[in-house]
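**Q** For reference, the structure I am asking about is given below.
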């Protein structure tokens, strides 16, 4: 991938010489769920919560669906808007809408999504505009924790389930943000030392699961907590810069057909 510029706006994007690789956030989340269904259940805590947690994995980015419909262009930088450039207020509204929607389907899944987004915002933003969002979500979390968490075992399970969601968020981003076949030293910096959230799995003993591209279609994991090898098909768009300059980003994106990136995870 060389010196590609990597970022996330209303979509997940990285740049190549003549094009942008663009992946919708909800597609990334859907792929997270498609990965999670292959998990070996002997490594899962509180199997009664499996359906709730799996829903959270599949749906955790659904707040981005409307924002994904039309990409935004940054005239100053001559690239699609990055995560850091995308205005915080509409992003937070999208987050909150997504959490609300998941909570309506399943309140435990909604709790996990709320915990995920407050974690993300707390890590990357000290903007005063984030304060009301964080306060609202903390209140939501407190109310839902009173409803669902009655003892220390359930609290331990909750944070395992959050780590589970975060791990599959990272694993899906790994195949979204790295060009297939990328050498380890050229991977996006987030993933070179492994998936940080996997350290919280009891069976990992504070060590991270590390992924390596074997070739353009196969990824090998240092620890394989899945039942069998499995295949993932990711929808992406390769939007040519020439088309953007001729038609504008919205039209160029609309007129670009989806490609499929096929990745097989192996022991």
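The values are calculated or read from the model by the stated rules, or taken from the named source; none is laboratory data. All values derive from a computational prediction rather than experimental measurement. Don't worry about glycine lacking a Cβ; one is built from the backbone with ideal geometry, like all the others, and counts go over all protein chains shown.
**Q** When the stretch 46-64 is examined, which residues are found to be surrounded by 18 or more Cβ atoms within 10 Å (Cβ to Cβ) and either part of a loop (DSSP other than H, G, I, E, B) or in contact with a strand residue (DSSP E or B) (Cβ under 8 Å, 6 or more places away or on another chain) (or both)?
**A** As a first pass, look at the stretch 46-64 and keep what is surrounded by 18 or more Cβ atoms within 10 Å (Cβ to Cβ): 49, 52-64.
Selection gives 60, 61, 64.
**Q** Could you tell me whether residue 129 is modelled with pLDDT under 95, assigned to a helix (DSSP H, G or I) and out of contact with any strand residue (DSSP E or B) (no Cβ under 8 Å at 6 or more places or on another chain)?
**A** Numbers: modelled with pLDDT under 95: yes; assigned to a helix (DSSP H, G or I): yes; out of contact with any strand residue (DSSP E or B) (no Cβ under 8 Å at 6 or more places or on another chain): yes.
Taking the combined requirement at face value, the residue satisfies it.
**Q** Additional query: Where the second residue is part of a loop (DSSP other than H, G, I, E, B) and at pLDDT below 95 and the first is under 16 Å from residue 168 (Cα atoms) and lies in the stretch 212-236, which pairs have Cβ atoms under 6 Å and are six or more apart or on separate chains?
**A** Filtered contacts from the stretch 212-236: 224/267.
**Q** Considering 201, 195, which residue is touching a residue at least 12 places away in the same chain (Cβ under 8 Å), out of contact with any strand residue (DSSP E or B) (no Cβ under 6 Å at 6 or more places or on another chain), buried (at least 17 other Cβ atoms within 10 Å of the Cβ) and within 20 Å of residue 44 (Cβ to Cβ)? It would help to see each step written out before you state the result.
**A** On the way: 195 fails: out of contact with any strand residue (DSSP E or B) (no Cβ under 6 Å at 6 or more places or on another chain).
Testing whether each residue is touching a residue at least 12 places away in the same chain (Cβ under 8 Å), out of contact with any strand residue (DSSP E or B) (no Cβ under 6 Å at 6 or more places or on another chain), buried (at least 17 other Cβ atoms within 10 Å of the Cβ) and within 20 Å of residue 44 (Cβ to Cβ) leaves just 201.
**Q** Restricting attention to the stretch 179-206, which residues are in a loop (DSSP other than H, G, I, E, B), at pLDDT 95 or above and closer than 22 Å to residue 39 by Cβ?
**A** 194, 201 - these are the residues of the stretch 179-206 that are in a loop (DSSP other than H, G, I, E, B), at pLDDT 95 or above and closer than 22 Å to residue 39 by Cβ.
**Q** For the stretch 151-164, name all the residues that are surrounded by fewer than 23 Cβ atoms within 10 Å (Cβ to Cβ) and either within 11 Å of residue 200 (Cβ to Cβ) or in contact with a strand residue (DSSP E or B) (Cβ under 9 Å, 6 or more places away or on another chain) (or both).
**A** 156, 159, 160, 162, 163
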